[in-house]
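This structure is in C-alpha cells; I'll ask about it shortly.
Nothing in this text is a laboratory measurement; each read-out follows from the coordinates by a stated rule. Since the model is a prediction, treat every value here as computed from it, not as a measurement. Neighbour counts run over all protein chains shown; Cβ positions are idealised from the backbone, glycine included.
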C-alpha cells in the first residue's frame, strides 16, 4: 500500500477512489458480523460466489461482506443495491433463486422479504423496515457501507478526513474545545464529560502519555462495541489518533476481550493498514505528530471494564481496581497521564470533527447529546442493535423499534445498564433514555444493554441472576463487595426457595446502602442496583414470595406446583412418557395426574402437552 504523506495526498486518493466507483453497478452486501456468521453467512457467501462464477456474472456484480447491520435476529441479511432490496434469514439453498430472479431478472423472491410482525406487511426495501426507519444510525450506518478489512473503503466514505483537518488546521486546545462544545459524554457507562478527561490529561505534565480504547464490554447480552470494531475499526483508530493529538499522547492501546476473535482480527488488520498508509505511526500525514496503537487482549474478567483494573491488566498485573484518590488522567497506565474512553465514545470523535459540535449537540436532549447504541433483547418482536438520539423514550424503543411483545404476554419491565443497572416498570416507559433521567429513576444507561421483560418473568429471580453474575465477577479485593454481594445473594436465594422472612427486605436495603457506599470500585458500588430497583418497583413480588410462598410468574421452582386440568386432559400420555422423574400417572385416554412428591418442576410435561392442560400454580 502506497504511503500517504500529506493531507493533500489523502484527499487526492479519496477523489480517485470515488471516481472509480460506479453507482449503477449491482452490489450484493452480505452481513458478516458475528451474529450472521453464526446463522450461516459464510456458506451463503461461498454459494453466491460460486453461482456468479458459473453464470459469468462475477465481473458485473460487486459482492461486499460487511460488519453487523444490527437486525441480528433476521440474519443472515443480504441487501441488493441500487434497489435496496433486503432479504432476511438467507440460506445457501436460497442463493440460486436469488441469482436467477433478482440479479439476472430484477424480480423479487417474496418468501425472503421481511414481514413486519406488527402490520403483517411484506416490506421490500431495507429503508422502509420500521426497525431501521425509527433509528438514527449515525455510527452503525457506516457498517453497512464498508468492508472492514479495506482501508480504501473507509477513505472513500470520508475516513481520516477529520484527522487531516485536525492535524492541518487545529491546535490541541481547539480540538478539546470542540469536544467540550459538543458535550460528548462517555458511552462506557458513567456518562462522564469526555472533554474534561482530555483537558486534565493535556494539562498534566509528563514525558509520556497514553490513550486507551476500552473494548472489554463484559455486560451479558451487550455487543455494541464488538460490532463497531468488527465492522468499522478504522473509525475507532481515527478517533483515538485525534484524541492522542489533543492530549499529547504518543502511544495507545485497544483493550479487547478474548471472546471477540473477529473484532480482534479486523482491528489488527486495520492497524496494519493504517500504519502502511501513513495515518498511524511516525510523522502522520507529514504533520510531525507521531502516534501508534497496540492491541491488548483481556482474559474476559468483567471487572477489567473498570479503568484502573483494565490498566493493571495491560501492565501484566492481576486485573484488580485500585483507589482513585489520584485520577487515571493524571496517573494511569504505568503511572502516566492516561485518557480512557470506550469504543462508542472514540468513534463519535471523527463525526464531531467533520460535522461540528453544533451538529452533534443538535441530537439528543439538554443533558445528553448525540446518539446512543443499545443492544435490545428480551421479550420483543425485533431484537438487535438499535441506535437512537439520546432522550428517545423507552416506549419508542420497545414498541416502535422493538415491535412490542413477541408472544402476546404483557411487557412489565425493562432492565437497562447491564448487571449494574436497574429494572424499570412499564409505567416508567415514558422516561427519556438519557444519563440523568434513568439514574434518577433507579437505573442507568450504562454501556447500552436493554433487556425487555414480560409478565412471565419473576423480578426476584432477575435480581438474583444479576447478583450471581456480579458475585462471580467480583475480584474480591474489598470486603464490602466480596462479602456483601454474597450475603445479598444468600438472602435472595432463601426468598426464591420459600425460606424468606419479612425482615429480609430491610436487611437487603441496608446491605445495598453499605455496599454501594463503601466498595472500592464501580462494580461493587453499583452491584446492588438490580436489587434496589426491583424492591422499589416490584416489592409486592418479594412480599408474595415471603408471605404466600408463591411466584406469580411460575419461575421459582420451590414455590410452584404443576397441575393437570381434568377438563382439558385427553389422556394422550405425552406428559407421562416425557416425564424423566416418573411423576405423571394415569391410564391411556383417562385423566392423568402429577404426584407432587416426585415432581421436580422441570416443566417438560407442560412443554409437550398439546392441549394446554398443564398449568403452573
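Using 0.36 nm per residue of separation minus the Cα-Cα distance, give me the extension gain between residue 19 and residue 359 in nm, one decimal. Can you show the working numbers first?
Numbers: separation 340, 0.36 × 340 = 122.40 nm, distance 2.83 nm.
Residue separation times 0.36 nm, minus the Cα-Cα distance, leaves 119.6 nm.
To continue, here is another question. I want to check the label-to-label distance for residue 55 and residue 395. Put each point 7 Å from Cα in the C-beta direction and report it in nm to one decimal.
4.7
Is the shape of the stretch 1-86 best called rounded, prolate or oblate, per the rule: a/c under 1.5 gives rounded, else a/b larger than b/c gives prolate, else oblate, with a ≥ b ≥ c the square roots of the Cα gyration tensor eigenvalues? Write down the numbers at each step before the final one.
Working: a/c = 2.22, a/b = 1.58, b/c = 1.40.
It comes out prolate by the Cα gyration axes.
At a 10 angstrom cut-off on C-beta neighbours, averaged per residue, how do the peptides 416-424, 574-582, 535-543 rank from highest to lowest?
Working: 416-424: 26.6, 574-582: 15.8, 535-543: 18.0.
Descending packing order for the listed peptides: 416-424, 535-543, 574-582.
Report relative contact order for the chain in percent, whole number only (criteria: Cα-Cα under 8 Å, sequence separation at least 6).
Relative contact order comes out at 11 percent.
Please work out the FRET efficiency for the pair residue 456 and residue 200, using the Cβ-Cβ distance as r and a Förster radius of 56 Å; give the result to the nearest 0.05. Write out the running numbers ahead of the final one.
On the way: r = 48 Å, r/R0 = 0.86.
In this case the efficiency is close to 0.70.
With the Cα gyration tensor of the stretch 246-312 giving a ≥ b ≥ c as the square roots of its eigenvalues, does the rule (a/c under 1.5 for rounded; else a/b larger than b/c for prolate; else oblate) give rounded, prolate or oblate? Please list the in-between numbers first.
Working: a/c = 4.42, a/b = 1.60, b/c = 2.76.
Note, shape of the stretch 246-312 comes out oblate.
May I ask for the distance between the Cα centers of the stretch 158-196 and the stretch 542-564, given as a whole number of Å?
What the calculation gives is 53 Å, centre to centre.
Please compute the contact order of the stretch 24-127 in relative form: average sequence separation of alpha-carbon pairs under 8 Å and at least six residues apart, divided by the residue count, as a percent.
Values: 167 pairs, mean separation 31.5, N = 104.
Relative contact order, the stretch 24-127: 30 percent.
Ranked highest first by the average count of other Cβ atoms within 10 Å around their residues, in what order do 119-126, 325-332 fall?
Values: 119-126: 14.4, 325-332: 16.9.
Ranking the peptides 119-126, 325-332 by packing returns 325-332, 119-126.
Round to the nearest 10 and give me the degree value, 0 to 90, for the angle of helix 194-203's Cα axis relative to the longest principal axis of the chain.
So the helix axis and the longest Cα principal axis differ by about 50 degrees.
Further question: Using the Kirkwood formula over every pair of different C-alpha atoms, what hydrodynamic radius in Å results for the stretch 460-547?
Numbers: mean 1/r = 0.0791 Å⁻¹.
Value: 12.6 Å, from the Cα pair sum.
Shifting gears a bit: Would you please put 137-148, 265-276 in order of how densely packed they are, using the mean number of other Cβ atoms within 10 angstrom per residue and starting with the highest? List each step's numbers first, then the result.
Working: 137-148: 21.2, 265-276: 19.3.
Highest to lowest by the protection proxy: 137-148, 265-276.
Evaluate E = 1/(1 + (r/R0)^6) for residue 490 and residue 617, where r is the Cβ-Cβ distance and R0 equals 25 Å; express this FRET efficiency to the nearest 0.05.
Numbers: r = 27 Å, r/R0 = 1.10.
Given R0 = 25 Å and the Cβ-Cβ separation, E is 0.35.
Let me ask another. Report the FRET efficiency, 1/(1 + (r/R0)^6), for residue 83 and residue 6, where r is their Cβ-Cβ distance and R0 is 35 Å, rounded to 0.05.
Details: r = 40 Å, r/R0 = 1.13.
With R0 = 35 Å, the Cβ-Cβ based efficiency is 0.30.
For mean projected area of the Cα convex hull in nm², one of [x] 27.7; [y] 30.5; [z] 26.3 was computed from the structure I shared and the rest are decoys. Which label?
From the options [x] 27.7; [y] 30.5; [z] 26.3, the structure gives [y].
Could you give the length gained by full extension between residue 334 and residue 276, i.e. 0.36 nm per residue of separation minus their alpha carbon distance, to one decimal place?
Values: separation 58, 0.36 × 58 = 20.88 nm, distance 2.84 nm.
Length difference between fully extended and current span is 18.0 nm.
Return, ordered by residue number, the residues of the stretch 46-84 whose backbone nitrogen is under 15 Å from a label point located 7 Å along Cα→Cβ of residue 127.
80-84
Scattering from the C-alpha atoms of the stretch 194-353 alone, worked out with Debye: what is log10 I(q)/I(0) at q = 0.08, 0.13, 0.16 1/Å?
-0.20, -0.55, -0.86
Over the stretch 371-457, what is the relative contact order in whole percent, taking alpha-carbon pairs under 8 Å and six or more residues apart?
Working: 185 pairs, mean separation 30.9, N = 87.
Contact order relative to length: 36 percent.
Any chance you could give the angle, 0 to 90 degrees and rounded to 10, that helix 459-473 forms with the longest Cα principal axis of the chain?
Approximately 50 degrees, to the nearest 10.
Is the C-alpha gyration tensor of the stretch 137-257 telling us rounded, prolate or oblate? Criteria: a/c under 1.5 is rounded; beyond that, a/b larger than b/c is prolate, otherwise oblate.
On the way: a/c = 1.74, a/b = 1.26, b/c = 1.38.
In terms of gyration-tensor shape, oblate.
In nanometres, what is the gap between the two model label sites at residue 407 and residue 497, each 7 Å from Cα along Cα-to-Cβ?
Placing both labels 7 Å beyond Cα along the Cβ direction yields 2.7 nm.
Quick check: residue separation of residue 465 and residue 111 times 0.36 nm, minus the Cα distance between them. What number comes out in nm?
Working: separation 354, 0.36 × 354 = 127.44 nm, distance 3.92 nm.
Value of the extension gain: 123.5 nm.
For helix 7-20, report the angle its Cα long axis makes with the longest principal axis of the Cα atoms of the chain; keep it between 0 and 90° and round to the nearest 10°.
70
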